[in-house]
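Below is one structure, written out as structure tokens; the observations come after it.
The values are calculated or read from the model by the stated rules, or taken from the named source; none is laboratory data. Being a predicted model, the structure only gives us computed values, none of them experimental. Positions of Cβ are generated from backbone atoms using ideal geometry, with glycine treated the same way; all protein chains shown enter the neighbour counts. Calculation scope for accessible area: heavy atoms of the full protein, side chains included, ligands and nucleic acids excluded. Shrake-Rupley method; radii C 1.70, N 1.55, O 1.52, S 1.80 Å.
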Amino acid sequence: MKLQHNISLKPYHNFACDEKTQFFTTIKRQDEIINVANWSKENKKPFLILGAGTNVLFTQNFEGLIAKMEIVGIKKLEELATEVFLEVGAGENWHHFVMYCIQKGWGGIENLSLIPGTVGASPIQNIGAYGVEVANCIHSVNAYDTQSNTWINFNKAACLFDYRTSLFKQTNNRYIIHTVTFKLQKQASIKTDYGVIREVLHDKNIKHPSISDISNAIIQIRSQKLPNPKLLPNAGSFFKNPCITKLQYEILKAKFPELIAHPISDESYKVAAGWLIAACDWKGVTHGQVGCYENQALIIINYGTNSGNEIFVFSEAIKKLIHEKFGITLETEVNVL
Ligand SMILES: Cc1cc2nc3c(=O)[nH]c(=O)nc-3n(C[C@H](O)[C@H](O)[C@H](O)COP(=O)(O)OP(=O)(O)OC[C@H]3O[C@@H](n4cnc5c(N)ncnc54)[C@H](O)[C@@H]3O)c2cc1C
């Protein structure tokens, strides 16, 4: 295993701060996953697998080994009359994989177009957008268990997928994901539940959209709505949308009639975290070189600091504010290290 020493993490994550890692390597083959786990045990130092670094915030130097996942490859395992099974390397770029599937006419993940990051990270927080979660299309996940030193093939149920979480997120770095197997549909059912998708299709006069039309609409919406991380470093939504009880919702709605929330069961509601922050007048607010994006308060932007901790302190200030005003505790979606 080739190790580099004392490496700046600036080029390897979206927030582009200048924290350093003591050791750095890349993983290009399956056996290198085992090398990383063994090195960590032998040297009694932590390791961290990094994908594209679009959902992490380093608040201090990493005193261990960071291994960038670069295992690529898309393998067709089986093609049936209505569905196809694909095994994909953890280091594949997510959006390229989506484009590959659309080109082949295999549907299911088109609503997840243009989400940044790698395929291997997609099950970790069960990425989702525009009414679809990746869990809908995952058949299984192959990962190395760094506790038992064995390879495990997790079927979908074993992955414990839920809103922006999974077994892999909850067990904090225990498993290193090697490949993800997807089950995609040859006759996909199109999902246009979101009004904004229907509006774009209507504007283009598309009455019977294909998966390609849906993908193009979503690319258009996301490109207009989200800040470009290369120009305005950010990690997408910084917080999850909090879930509250129906009673909490009714009390809040009476006090704040404009509250944006939608029911997720008979007893609970999911509240738009971006609305909560904007309702505290923090949309576009900056402290030093960190701020909330002017068009979407849920996105925290690094306007020039090299300190991840400055971003973290800003995010904690938002949490405090929301708790004081609404009695809601925001949960961080970004992986803070
Ligand atoms: C502009 C923008 C928009 C976004 N929009 C969305 C959205 O709509 N929906 C959504 O769900 N997310 C969204 N995100 C978040 C992000 O795209 C996803 O979380 C993505 O899956 C992260 O992939 P990554 O490769 O960059 O992971 P990283 O940021 O590199 O890592 C994330 C976590 O996964 C772990 N990890 C990564 N790869 C592996 C592996 N192979 N094995 C074990 N652990 C691993 C890391 O240790 C870390 O804890 C957005 C981010 C940005 C910047």
Only one of PHE15, PHE24 is closer than 20 Å to PRO229 by Cα, aromatic (Phe, Trp, Tyr) and open to solvent by less than 20 Å² (accessible area, probe 1.4 Å); which?
PHE15
Those residues that are small (Gly, Ala, Ser) and in contact with a Ser or Thr (Cβ under 9 Å, 6 or more places away or on another chain), I need them from segment 288-315; list them, please.
GLY288, SER307, GLY308, SER315
So which residues in segment 202-215 are under 20 Å from ILE115 (Cβ atoms), without any contact (Cβ under 8 Å) to a residue 40 or more places away in the chain and part of a helix (DSSP H, G or I)?
ASP213
Just one of ALA272, ALA279, ALA235 is away from the ligand (no atom under 16 Å from the Cβ), outside the structural domain of GLU110 (by TED's automatic domain parsing) and either among the small types (Gly, Ala, Ser) or within 26 Å of THR54 (Cβ to Cβ) (or both); which is it?
ALA279
Answer residue from segment 157-173, given it is within 9 Å of the ligand (Cβ to nearest atom) and assigned to a loop (DSSP other than H, G, I, E, B) and is most open to solvent (accessible area, probe 1.4 Å) among those:
ASN172
Restricted to segment 141-156 and to residues being in a strand (DSSP E or B) and either touching an Asp or Glu at 6+ places or on another chain (Cβ under 9 Å) or within 13 Å of the ligand (Cβ to nearest atom) (or both), the residue most open to solvent (accessible area, probe 1.4 Å) is TRP151
Taking the stated definitions as given, is ASN228 under 24 Å from ARG164 (Cα atoms), open to solvent by 30 Å² or more (accessible area, probe 1.4 Å), within 16 Å of the ligand (Cβ to nearest atom) and not in a helix (DSSP H, G or I)?
yes
